[in-house]
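Asks: Shown below is the structure under consideration.
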Amino acid sequence: MKGRHWLAERGVDRVLLLLVPGLVFVVGLFAYPVLYGLQLSFQPKEGGGFFENYVRFFADPYLRDTIWITLRLALPAALINVVASVPVAYRLRGRVRGKRFLTTVLVVPITLGTVLTAEGLIGYLGPVGWFNKILLGIGLIDEPLRLVHNYWGVLFSLIITGFPFAFLLTLSYLSGIDPSLEKAAATLGADWWRRFRYVTLPLLAPGLAITFCLTFVLAFSVFPSAYLVGLPQGETRVISIAAYESAFRDSDYPLGSAIAMIMAVVMVVVVGLVLLWRSTLYRGATGGKG
Amino acid sequence: MSDGFASLRMENVRRVFGEQTALRGLDLSISGGEFVALLGPSGCGKSTALNCLAGLLPLSGGQIFLDERRIDLLPPERRDFGMVFQNYALFPHMSVRRNVGFGLVMRRVARGERERRVEQALRLVRLTDHAHKFPAQLSGGQQQRVAIARAIVVEPRVVLMDEPLSNLDAALRLEMRTEIRRLHQELGLTTVYVTHDQEEALALADRLVVLREGEVQQIGTPEEVYASPANRYVAGFMGYRNVIPAAVSAVAGGGVVVRAAGALLRGVAQGGVGGGVDVVVAVRPSDVAVGEGENALRGVVEIVEYHGREQAVQVRLDDGTAFHVRTGTRLAPGDPVALTVPAQRVLVFAS
């Protein structure tokens, strides 16, 4: 008889109801808008074929190039964030004096928001900011370096806001690795670099792949800092600006939707490639008992 | 055996964790080829001592010497000590073969020689057929053997073992115990073995070091520690399960008469025991006989556990003390019994 035991065996019980709120949100706030946008993108405002918006996007260099511009920002930003987070997290793994203080300091940028970060960047790295004043003062340069309102400003901003995420994720992945593995490696004659290279890094790599994906996705949808510390009509005209302008300045919702879809596809492709690489790594337990 | 050494000495080694003192001046000398067990309850400092030896914990004081060379300032990777961890600490992303070969790779041993030694070590722990597997695919006992092979393949000066059997089930524990003893007899590697299990320590070691709260209680051969524990704590640890308070009523030579549990008992004084002093008597359950005679205690059987040839019996003595007995005599709860202990098996300690 297919009774309650039969259902319980397959995980069907009243606890399943806990999924309802999440499901409502996913369907209402994610699945529906995405599908709505998708079908909208196939109904060009000016008429034309089914794929007219996509054809327009790839025919117009001013639109098409935003993919490259955004990738040129998001990929290095994600990579730098991951690479920079590893040594810091590695040093702070386990029990370290002042760990909470340092972690707090490193995570504060999350709470600042893009606007405050941008203001800070302009004040610090701008033509009359401290950084340039110091370099001018010690005679290292003759005229101020241009570090904001261009590519570099946005990249710095992405690093400042993305690093805390990368750091927290890396730290938690590192904490998941049994510390006795490194001790074992040490007693077997491995110095710190080889302990890291042969034991910690291989076990951490899958986590770094995930960290890279998440910080990349964050950076790829950059919008405010591309305006505030970038050159929104030039070298930091990122893809989200193109989508925004189409949809809200030109009131061309279908084209805006099409650009949003292209944006999603690019992210999925990059994330997919990273996950493909990740699948070639060891991904089992990272505890001592294997 | 690798380059022999005469002695490994810990001199006044101290280790403090914040407010807590884990080791209070440990002095210990280990000769080359010896198997020494550090024995004690959890928190006694035995693992701390091992980690200090391995270089995984810095000392708070004292020094460690290998012959005349001071080694306590060397990092673990330069001490050339092999270590077997309680949780094995196998590298989960490496095959058994690569795990075992890791130490040789770190020592830049040439490939041919490395492969030969790995195969030899795997043969020694009987894991040749599992060389290609990953740790997660092995049973606990097999993982343990990999951990041992990995530690000994580099022919370390000293092998350190931190409760290597405590994660195994009872049957496997016995089997691995024999295995460890066999490896020590075959290879003659100096071994320091940490355990809280007195049976394990007695079975394996040439010499026992009993620790309590960071202090050495007794150092001696298994026979010495088993037969004449230095104090009541060592006695309690060595299977003298009955430790009951008593008062000295007469002293004559090595013999002493005490009043304990409402009876007069003759026993052997261990260390200085004067008249009128508070003492404890320690008696092993297996040294107690059921029946009338000299040195008798009286009580009522309370709990009986069946252990095959013997029963483990808890007797409630007349004064209310619980007393443990192992006996072949069949008893049932509620039976009144008389118990006798030979005078030389009643140990009297200062309390």
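Asks: Determine which member of the set B:Val280, B:Val256 is under 13 Å from B:Val348 (Cα atoms), in contact with a Lys or Arg (Cβ under 6 Å, 6 or more places away or on another chain) and among the aliphatic types (A, V, I, L, M).
Replies: Working: B:Val256 fails: in contact with a Lys or Arg (Cβ under 6 Å, 6 or more places away or on another chain).
Answer to the selection: B:Val280.
Asks: Among B:Leu124, B:Leu138, which is at the interface with chain A (Cβ under 9 Å from one of its Cβ atoms) and open to solvent by 10 Å² or more (accessible area, probe 1.4 Å)?
Replies: B:Leu138
Asks: Here's another thing I want to ask about it. Just checking, does the stretch A:167-176 include any residue being more than 14 Å from every other protein chain (Cβ to nearest Cβ), β-branched (Val, Ile, Thr), under 21 Å from the mean Cα position of the chain (by Cα) and open to solvent by less than 10 Å² (accessible area, probe 1.4 Å)?
Replies: Checking the stretch A:167-176: at least one residue is more than 14 Å from every other protein chain (Cβ to nearest Cβ), β-branched (Val, Ile, Thr), under 21 Å from the mean Cα position of the chain (by Cα) and open to solvent by less than 10 Å² (accessible area, probe 1.4 Å).
Asks: Please verify whether B:Gln86 is more than 12 Å from chain A (Cβ to nearest Cβ), open to solvent by 40 Å² or more (accessible area, probe 1.4 Å) and under 30 Å from the mean Cα position of the chain (by Cα), treating the condition exactly as stated.
Replies: Details: more than 12 Å from chain A (Cβ to nearest Cβ): no; open to solvent by 40 Å² or more (accessible area, probe 1.4 Å): yes; under 30 Å from the mean Cα position of the chain (by Cα): yes.
When the stated conditions are applied, B:Gln86 does not pass them.
Asks: Any chance you could count how many residues in the stretch B:102-121 are closer than 23 Å to B:Gly188 by Cβ, within 11 Å of chain A (Cβ to nearest Cβ) and touching a residue at least 24 places away in the same chain (Cβ under 8 Å)?
Replies: 3
Asks: Looking only at the stretch B:218-232, which residues are under 12 Å from B:Val348 (Cα atoms) and open to solvent by 50 Å² or more (accessible area, probe 1.4 Å)? So that I can check it myself, show each step before the final result.
Replies: Within the stretch B:218-232, the first condition is being under 12 Å from B:Val348 (Cα atoms), and the residues that meet it are B:228-232.
Those that are under 12 Å from B:Val348 (Cα atoms) and open to solvent by 50 Å² or more (accessible area, probe 1.4 Å): B:Ser228, B:Ala230, B:Arg232.
Asks: Hey, another quick one. Does A:Gly162 satisfy being touching a residue at least 24 places away in the same chain (Cβ under 8 Å) and more than 14 Å from chain B (Cβ to nearest Cβ)? It would help to see each step written out before you state the result.
Replies: Details: touching a residue at least 24 places away in the same chain (Cβ under 8 Å): yes; more than 14 Å from chain B (Cβ to nearest Cβ): yes.
Criteria met by A:Gly162.
Asks: Here's another thing I want to ask about it. Just the residues that are in contact with a helix residue (DSSP H, G or I) (Cβ under 9 Å, 6 or more places away or on another chain) and either part of a helix (DSSP H, G or I) or open to solvent by less than 30 Å² (accessible area, probe 1.4 Å) (or both), please, taken from the stretch B:44-57.
Replies: Scanning the stretch B:44-57 gives B:Asn51, B:Ala54, B:Gly55.
Asks: Can you tell me which residue among A:Ser240, A:Ser225, A:Ser246 is out of contact with any His (no Cβ under 8 Å at 6 or more places or on another chain), touching a residue at least 12 places away in the same chain (Cβ under 8 Å) and open to solvent by 10 Å² or more (accessible area, probe 1.4 Å)? Please lay out each step first, then the result.
Replies: On the way: A:Ser225 fails: open to solvent by 10 Å² or more (accessible area, probe 1.4 Å); A:Ser246 fails: open to solvent by 10 Å² or more (accessible area, probe 1.4 Å).
Step by step, each of A:Ser240, A:Ser225, A:Ser246 is checked, and only A:Ser240 is out of contact with any His (no Cβ under 8 Å at 6 or more places or on another chain), touching a residue at least 12 places away in the same chain (Cβ under 8 Å) and open to solvent by 10 Å² or more (accessible area, probe 1.4 Å).
Asks: Restricting attention to the stretch B:141-161, report how many residues are open to solvent by 20 Å² or more (accessible area, probe 1.4 Å) and either among the hydroxyl-bearing types (Ser, Thr, Tyr) or in contact with a Phe, Trp or Tyr (Cβ under 7 Å, 6 or more places away or on another chain) (or both).
Replies: 1
Asks: Follow-up. How many residues are open to solvent by 50 Å² or more (accessible area, probe 1.4 Å) and in a loop (DSSP other than H, G, I, E, B) when one looks only at the stretch B:294-327? If you could, list the steps in order and put the result at the bottom.
Replies: As a first pass, look at the stretch B:294-327 and keep what is open to solvent by 50 Å² or more (accessible area, probe 1.4 Å): B:294, B:298, B:300, B:302-303, B:305-307, B:309-310, B:316, B:318-319, B:326.
Next, only the ones that are in a loop (DSSP other than H, G, I, E, B) stay: B:294, B:309, B:318-319.
Qualifying residue count for the region: 4.
Asks: Going through the stretch A:133-152 one residue at a time, which ones are without any contact (Cβ under 8 Å) to a residue 40 or more places away in the chain and part of a helix (DSSP H, G or I)?
Replies: Result: A:Lys133, A:Ile134, A:Leu135, A:Leu136, A:Gly137, A:Trp152.
Asks: Within the stretch B:1-34, restricting attention to residues that are part of a loop (DSSP other than H, G, I, E, B) and modelled with pLDDT under 90, which residue is most open to solvent (accessible area, probe 1.4 Å)? Steps first, please.
Replies: To start, the set of residues in the stretch B:1-34 that are part of a loop (DSSP other than H, G, I, E, B) comprises B:1-6, B:18-19, B:32-34.
From what's left, modelled with pLDDT under 90: B:1-6, B:18-19.
Numbers: B:Met1: 157, B:Ser2: 28, B:Asp3: 92, B:Gly4: 65, B:Phe5: 28, B:Ala6: 68, B:Gly18: 70, B:Glu19: 186 Å².
Among those residues, the one meeting the criterion is B:Glu19.
Asks: I'd like to check something: does the stretch A:170-186 contain any residue that is of a type in the set (Lys, Arg) and within 21 Å of A:Ala285 (Cα to Cα)?
Replies: yes
Asks: Go through (1) in a loop (DSSP other than H, G, I, E, B); (2) crowded, with 22+ Cβ neighbours inside 10 Å for B:Ala37 and report which single condition fails.
Replies: (1)
Residue by residue, here is whether (1) in contact with a Ser or Thr (Cβ under 6 Å, 6 or more places away or on another chain); (2) small (Gly, Ala, Ser); (3) within 14 Å of chain B (Cβ to nearest Cβ) holds:
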site: A:Arg195; (1), (2), (3): no, no, yes
site: A:Tyr198; (1), (2), (3): no, no, yes
site: A:Ser221; (1), (2), (3): yes, yes, no
site: A:Tyr244; (1), (2), (3): no, no, no
site: A:Ala247; (1), (2), (3): no, yes, no
site: A:Val268; (1), (2), (3): no, no, no
site: A:Leu276; (1), (2), (3): no, no, no
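Asks: What about A:Leu255, is it loosely packed, with under 14 Cβ neighbours inside 10 Å, hydrophobic (A, V, I, L, M, F, W, C) and either more than 14 Å from chain B (Cβ to nearest Cβ) or over 30 Å from B:Ser95 (Cα atoms) (or both)?
Replies: No.
Residues are listed down the side, and each one gets a yes or a no for (1) among the polar types (S, T, N, Q); (2) without any contact (Cβ under 8 Å) to a residue 60 or more places away in the chain; (3) on the phi > 0 side of the Ramachandran plot; (4) not assigned by TED's automatic domain parsing to the domain that holds B:Arg24:
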position	(1), (2), (3), (4)
B:Ala171	no, yes, no, no
B:Gln185	yes, yes, no, no
B:Leu204	no, no, no, no
B:Arg207	no, no, no, no
B:Leu211	no, no, no, no
B:Tyr226	no, yes, no, no
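Asks: Hey, another quick one. Can we say B:Ser60 is more than 28 Å from B:Leu168 (Cα to Cα), more than 8 Å from chain A (Cβ to nearest Cβ) and open to solvent by 20 Å² or more (accessible area, probe 1.4 Å)?
Replies: For B:Ser60, the condition - more than 28 Å from B:Leu168 (Cα to Cα), more than 8 Å from chain A (Cβ to nearest Cβ) and open to solvent by 20 Å² or more (accessible area, probe 1.4 Å) - is met.
Asks: Out of the stretch B:258-293, which residues are more than 28 Å from B:Leu38 (Cβ to Cβ) and open to solvent by 40 Å² or more (accessible area, probe 1.4 Å)?
Replies: Once the filter is applied, which keeps residues that are more than 28 Å from B:Leu38 (Cβ to Cβ) and open to solvent by 40 Å² or more (accessible area, probe 1.4 Å), the stretch B:258-293 yields B:Arg259, B:Gly262, B:Leu264, B:Arg266, B:Gly275, B:Gly276, B:Val277, B:Asp278, B:Ala289, B:Val290, B:Glu292, B:Gly293.
Asks: Another question, if that's okay. If A:Gln233 passes every condition in (1) outside any helix (DSSP H, G or I); (2) crowded, with 17+ Cβ neighbours inside 10 Å but one, which one does it miss?
Replies: The single condition A:Gln233 does not satisfy is (2).
Asks: Just one of A:Gly284, A:Gly256, A:Gly272 is free of Cβ contacts under 8 Å to residues at least 24 places away in the same chain, of a type in the set (Gly, Ala, Ser), more than 21 Å from A:Leu158 (Cβ to Cβ) and assigned to a loop (DSSP other than H, G, I, E, B); which is it? Let's see the steps before the verdict.
Replies: Numbers: A:Gly256 fails: assigned to a loop (DSSP other than H, G, I, E, B); A:Gly272 fails: assigned to a loop (DSSP other than H, G, I, E, B).
Residue meeting the stated conditions: A:Gly284.
Asks: Follow-up. Could you check the stretch B:247-280 and list, in sequence order, the residues that are within 16 Å of B:Thr340 (Cα to Cα) and more than 33 Å from the chain's Cα centre (by Cα)?
Replies: If the condition is that a residue be within 16 Å of B:Thr340 (Cα to Cα) and more than 33 Å from the chain's Cα centre (by Cα), then B:Gly262, B:Ala263, B:Leu264 are the ones that fit.
Asks: Return the residues of the stretch B:1-55 that are aliphatic (A, V, I, L, M) and more than 23 Å from B:His196 (Cβ to Cβ); say none if nothing qualifies.
Replies: We begin by selecting, within the stretch B:1-55, every residue aliphatic (A, V, I, L, M); these are B:1, B:6, B:8, B:10, B:13, B:16, B:22-23, B:26, B:28, B:30, B:36-39, B:49-50, B:53-54.
Selection gives B:Met1, B:Ala6.
Asks: While we're here: Please report, ordered by residue number, the helices (runs of 4 or more DSSP H) entirely within the stretch A:3-107 with at least 3 residues that are touching a residue at least 60 places away in the same chain (Cβ under 8 Å).
Replies: A:32-41, A:52-59, A:61-92
The values are calculated or read from the model by the stated rules, or taken from the named source; none is laboratory data. None of these values were measured; they are calculated from a predicted model. No Cβ is skipped: glycine too gets one built from the backbone with ideal geometry, and neighbour counts run over all protein chains shown. Quick note on the areas: whole protein, heavy atoms, side chains included, nothing else; ligands and nucleic acids left out. Shrake-Rupley method; radii C 1.70, N 1.55, O 1.52, S 1.80 Å.
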